[in-house]
Amino acid sequence: MRDLDAELHELRARIDRAARVCVLSGAGMSAESGIPTFRDALTGLWSRFDPAQLASEEGFRADPRLVWDWYAQRREGVRAAQPNAGHLALGAFAQRRPGVLTVVTQNVDDLHQRAGNADAIRLHGDILADRWLQPCRCRPRRDPGEAEPGRPPRCPGCGALVRPGVVWFGEMLPEGAMEAAERAARAAELMLVVGTSGAVWPAAGLAGTARRAGAFVAIVNPHDSEIDASAQLLLPGTAAQILPRLFA
Ligand code: OAD
């Protein structure tokens with residue numbers, strides 16, 4: 001029979017010895033803070049909503065109000081949420097051992113940052129940030145914060161629409177984010193992948209990048225993921241259950 005306690009104990013010792021640790025997080029990291037995941041069968045957002053309509057530029061152009069309102073509701077959920085024991089354990093570890101941990105997240109919430117990982121690399125943007133759909137054409141150029149309130153807000157000069165600062169399907173990742181994440185993955189002696197289905201690339205490739213560069217890769221997830229083959233250790237459990245035992 002499997003002895004999960006012993007495996008956690010051993011992994012904790014590896015973390016304590018490591019000079020560089022990288023955590024790659026996905027939506028499951030924030031599930032216990034009450035923020036829904038995307039692909040969980042019953043509760044995931046993509047089981048109830050259409051990503052082509054709500055997470056693409058075409059979808060936004062087709063019905064800006066609908067898409068704006070959907071993100072406005074998600075923003076409220078993020079603002080109301082609190083970091084869970086998993087986020088807090090990573091934040092405390094970063095304070096205790098500065099310079100060791102790099103958090104790379106696919107999450108668009110700010111819970112890693114609020115828990116103390118201010119430098120977390122955000123691959124998929126920031127849901128609380130506003131940006132222009134197309135560049136403001138005013139001279140001088142206005143900031144999205146100067147847009148007229150509306151659903152969505154618009155530039156009072158040129159009419160440019162404001163959109164949420166997340167990465168939609170088919171879009172580039174924020175400049176420099178993937179490069180920084182790859183550097184962290186290659187430098188890590190240990191990579192912990194937490195709460196991602198591994199369905200979205202290039203983020204999903206980071207576990208393999210770390211493994212090929214010699215890292216020990218462990219995955220924390222109550223279910224299977226598409227990148228389980230990249231890991232030497234699969235820890236069946238949730239972020240808030242497992243991370244405090246490894247990092248607190
Ligand atoms: P998914 O919804 O695809 O996967 C969430 C994963 O978390 C699943 O494998 C679950 O089994 C696992 N999980 C659920 N609850 C958990 C818990 N409490 N602790 C640990 N794991 C748990 O989310 P992502 O992999 O993050 O894109 O999805 C990747 C991207 O697809 C997202 O960043 C989003 C989405 O479209 C953008 O927002 C741009």
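Every number in this text was worked out from the coordinates using simple rules, so none of it is lab data. Keep in mind that this is a model prediction, so the values were computed, not measured. A quick note on method: Cβ atoms are made from the backbone with ideal geometry, for glycine too, and the neighbour counts reach across all protein chains shown.
Here the 3J(HN,Hα) profile of the stretch 102-114, calculated from phi with Karplus coefficients 6.51, -1.76 and 1.60 at θ = phi - 60°, is 10, 9, 10, 10, 8, 7, 9, 7, 10, 6, 4, 5, 5 Hz, Gly and Pro shown as x.
Annotation: amide H-H contacts under 5 Å for Val193 (H modelled 1.01 Å from N, sequence separation of 5 or more, or interchain): Leu24, Ala218, Ile219, Val220. The phi-based Karplus calculation (6.51 cos²θ - 1.76 cosθ + 1.60; θ = phi - 60°) puts the 3J(HN,Hα) values of the stretch 237-248 at x, 9, 4, 6, 7, 8, 4, x, 6, 9, 10, 6 Hz, whole numbers, x for Gly and Pro. Principal axis extents of the Cα atoms in the stretch 25-106, from largest to smallest and rounded to whole angstrom, are 48, 26, 21. Tell me, how many Å apart are the Cα centres for the stretch 91-153 and for the stretch 18-81? Distance between centres, Cα-based: 14 Å. Full extension of the chain between Arg79 and Glu58 gives 4.9 nm of extra length, using 0.36 nm per residue less the Cα-Cα distance.
Amide H to amide H, with H built 1.01 Å from N, Ala160 comes under 5 Å of Arg137, Cys155, counting only residues 5 or more places away or on other chains.
Entry note, the stretch 55-207: relative contact order of 21 percent, from Cα contacts under 8 Å with a spacing of 6+ residues. Considering the stretch 1-71, its Cα convex hull presents a mean projected area of 8.0 nm². Over the stretch 27-83, Cα pairs under 8 Å with separation of 6+ residues give a relative contact order of 28 percent.
For the pair Trp46 and Leu4, what calculated FRET efficiency results from E = 1/(1 + (r/R0)^6), where r is the Cβ-Cβ distance and R0 = 35 Å, to the nearest 0.05? Efficiency computed from Cβ-Cβ geometry: 0.70. Rg of the Cα atoms in the chain, relative to 2.2 N^0.38 Å, amounts to 1.06. For the pair Arg212 and Arg17, a Förster radius of 25 Å applied to the C-beta separation gives a FRET efficiency near 0.75, rounded to the nearest 0.05.
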